[in-house]
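One structure is given here, and the rest of the page talks about it.
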Amino acid sequence: MTSKPSLTCEALINQAADRIDSDSPRLDSELLLSHVTGLGRTSFRAWPEREVTESQAETFEALVAERVAGTPVAYLLGHQEFWSLPLKVSTSTLIPRPDTECLVEVALGLPLPEQARVLDLGTGTGAIALALASEHPGWRIMACDEVDEAVELARENSRLLALPVSVAKSSWFSQLEPARFNLIVSNPPYIAGNDPHLGEGDVRFEPASALVSGADGLDDLRLIVTQSPDWLVEGGWLLVEHGFDQAGPVVALFRDRGFAEVQSLQDYGRRDRMTLGQWADTRRAMVPLNRGEQSGLQQGGSPDAQ
């Protein structure tokens, strides 16, 4: 007689953790079981002998099988926490990474006006823009993405979190209405097309358009650095994330374009993963200021949202 398999939380978690090949197999297992049962992860430790229903066990097993195949936990759950904000995610967007919170920290430390105008380029889930909005309700924040599904997802996250962020469809600056910003921030694609890591881990399941940027990974960063001055107020800032080995080339891009106060900054792992610069060049091109914007800047304010 075959004995009935154990349906206790502890047994299910242990069995799943033994099969999942990741940096955190037990955490993955707990998150998936919590998603299925609605129980908090602490309850699994407090009451390891608690049993789940056969239906819940079957649903859990299906999710574990997908995780064993490599599907990221965030896609299986449909959400990911970023800056303590619960964000909906989908396969049309990059999964927000904890290290990108460093970008938010740097942005919050800049000497910006109380009603600063901020642009988040390539927003994806809206993570950066929404994190900034949660800390500075007075900032007027715009975000954009070229992917329709990402635009809708960022708008939904904005609505669900009750954080006002204007989200537009645009490939970088190309479809935006002329405007000036105190801060432009971006976590763009920066992986080289032949990088072997593209075939490993979670990135196998993420959209290539959010990861790859030309032969050296710098195509999108070149465009952003080149065009940003035409969208910044005098004294405005550009802040970008990039690869750990790209600081030198990115710093050179900033300096060649005429940015001042250029510096590379480190992430939580003490790797050079961000570059910051201030636009202090009075030369302007491409995007003329309208009369309303000129008046606002002369009075020391920021132009109104488009």
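The values are calculated or read from the model by the stated rules, or taken from the named source; none is laboratory data. What you see is a predicted model, and the numbers here were worked out from it, not measured in a lab. Note: ideal-geometry Cβ built from the backbone for every residue, glycine included; neighbour counts use all protein chains shown.
Summary table below
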quantity	calculated
Members of segment 207-223 found to be part of a helix (DSSP H, G or I) and at pLDDT below 70, listed by number	ALA208, SER209
LEU176 among the hydrophobic types (A, V, I, L, M, F, W, C) and not in a loop (DSSP other than H, G, I, E, B)	no
Residue that is part of a helix (DSSP H, G or I), of a type in the set (Gly, Ala, Ser), surrounded by fewer than 16 Cβ atoms within 10 Å (Cβ to Cβ) and modelled with pLDDT of 90 or more, where the choices are ALA252, ALA260	ALA252
Residue count for segment 220-245, restricted to those that are over 14 Å from ASN187 (Cβ atoms), in contact with a strand residue (DSSP E or B) (Cβ under 9 Å, 6 or more places away or on another chain) and charged (D, E, K, R)	2
Residue match in segment 92-115 (condition: in a strand (DSSP E or B) and either of a type in the set (Asp, Glu) or modelled with pLDDT of 95 or more (or both))	no
Any chance LEU276 is at pLDDT 70 or above, touching a helix residue (DSSP H, G or I) at 6+ places or on another chain (Cβ under 7 Å), in the same structural domain as LEU108 (by TED's automatic domain parsing) and outside any loop (DSSP other than H, G, I, E, B)	yes
Test: residue in segment 223-240 that is of a type in the set (Val, Ile, Thr), more than 24 Å from ALA116 (Cα to Cα) and in the same structural domain as ALA179 (by TED's automatic domain parsing)	no
